[in-house]
Amino acid sequence: MDEIKNNQPEETLEEVSEKEKALIEENESLIKENEELKKQADEFKDKWMRNVAEFDNYKKRNARIWQDAFNEGASSVVLQVLTVGDNLDRALSFELDEKTKEGVKNIKRQFDDVLKSLEVEEINPVGEPFDVSVAEAVMQVDGADGEKSDTVKQVFLKGYKIKDKLIRYAKVSVIK
């Protein structure tokens, strides 16, 4: 056994000290590199999270822009089609034979169903206080007993809105 020990090279205290110093320096270098990599990973994670949030905001903003454009286009088309509904209402106010009147009523019902499917609502302010945000006064009339002034008496031309957006003011008469 003594032979085995003698065959192994013996390190001097100085050599062991140098190896320990090298290992300590390498360890410190690895710790410093690890800290830098953690810092870099945190920066990348932060940038990634910001980009995800920014992209989410972009998608929401883009969806809102598309919805607004669609609503604007729908409003424009509906506004042009409303004259057809006005003419159907006028036709129903005339004296017509029974078959013709029934046919016009059916067409008007279909017209109203289409407006409803497009989320178009009729504005009917009769009996309500006059509101300039939904109606345009085209004449003033004397009120009967018990009727309040500045109240809508009659609608001459229906007003319409899509959701909360007004597309046509109602033309009304208002009690003096």
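The values are calculated or read from the model by the stated rules, or taken from the named source; none is laboratory data. Computed from a predicted structure; not experimentally measured. Glycine also receives a Cβ, built like all others from the backbone with ideal geometry; neighbour counts cover every protein chain displayed.
From Arg90, Arg50, grab the single residue that is among the basic types (Lys, Arg), at pLDDT below 95 and either out of contact with any helix residue (DSSP H, G or I) (no Cβ under 8 Å at 6 or more places or on another chain) or assigned to a helix (DSSP H, G or I) (or both).
None of the other options fit; the residue is Arg90.
If you check Val134 against the conditions, is it within 27 Å of Val84 (Cβ to Cβ), among the β-branched types (Val, Ile, Thr), touching a helix residue (DSSP H, G or I) at 6+ places or on another chain (Cβ under 7 Å) and in contact (Cβ under 8 Å) with a residue 24 or more places away in the chain?
Criteria not met by Val134.
Pairs only if they're at least six apart or on different chains, beta carbon under 9 angstrom, first in the range 144-163 and closer than 28 Å to Gln67 by Cβ and without any contact (Cβ under 8 Å) to a residue 24 or more places away in the chain, second of a type in the set (Val, Ile, Thr) and in a strand (DSSP E or B); list them, first residue then second.
Close Cβ pairs (under 9 Å, with a partner that is of a type in the set (Val, Ile, Thr) and in a strand (DSSP E or B)) do not exist here.
Being in contact with a Leu (Cβ under 9 Å, 6 or more places away or on another chain) and small (Gly, Ala, Ser): is that true of Ala74 here? Break it down stepwise before answering.
On the way: in contact with a Leu (Cβ under 9 Å, 6 or more places away or on another chain): yes; small (Gly, Ala, Ser): yes.
It is true that Ala74 is in contact with a Leu (Cβ under 9 Å, 6 or more places away or on another chain) and small (Gly, Ala, Ser).
Taking the options Ala63, Ala74, Ala69, name whichever one is under 17 Å from the mean Cα position of the chain (by Cα), in a helix (DSSP H, G or I) and in contact (Cβ under 8 Å) with a residue 12 or more places away in the chain.
Ala74
For every residue, the table says whether it meets (1) closer than 30 Å to Lys158 by Cα; (2) polar (S, T, N, Q).
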| residue | (1), (2) |
| --- | --- |
| Trp48 | no, no |
| Val52 | no, no |
| Ile65 | yes, no |
| Ser76 | yes, yes |
| Leu79 | yes, no |
| Leu82 | yes, no |
| Asn87 | yes, yes |
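Identify, from the list Glu28, Glu95, Glu20, the residue that is assigned to a loop (DSSP other than H, G, I, E, B), exposed (fewer than 11 other Cβ atoms within 10 Å of the Cβ), at pLDDT below 95 and not hydrophobic (A, V, I, L, M, F, W, C).
On the way: Glu28 fails: assigned to a loop (DSSP other than H, G, I, E, B); Glu20 fails: assigned to a loop (DSSP other than H, G, I, E, B).
Among Glu28, Glu95, Glu20, only Glu95 is assigned to a loop (DSSP other than H, G, I, E, B), exposed (fewer than 11 other Cβ atoms within 10 Å of the Cβ), at pLDDT below 95 and not hydrophobic (A, V, I, L, M, F, W, C).
Out of everything in the range 115-130 that is at negative phi and over 22 Å from the mean Cα position of the chain (by Cα), what residue ends up being surrounded by the fewest Cβ atoms within 10 Å (Cβ to Cβ)?
Looking at the filtered set, the residue picked out is Pro129.
Where residues in the range 36-92 are among the charged types (D, E, K, R) and under 27 Å from Asn106 (Cβ atoms), which of them is surrounded by the fewest Cβ atoms within 10 Å (Cβ to Cβ)? Explain how you work it out, then say what you get.
As a first pass, look at the range 36-92 and keep what is among the charged types (D, E, K, R): 36, 38-39, 42-43, 45-47, 50, 54, 56, 59-61, 64, 68, 72, 86, 89-90.
Right, trim to under 27 Å from Asn106 (Cβ atoms) and you get 86, 89-90.
Values: Asp86: 13, Asp89: 14, Arg90: 10.
Going through the qualifying residues, I end up with Arg90.
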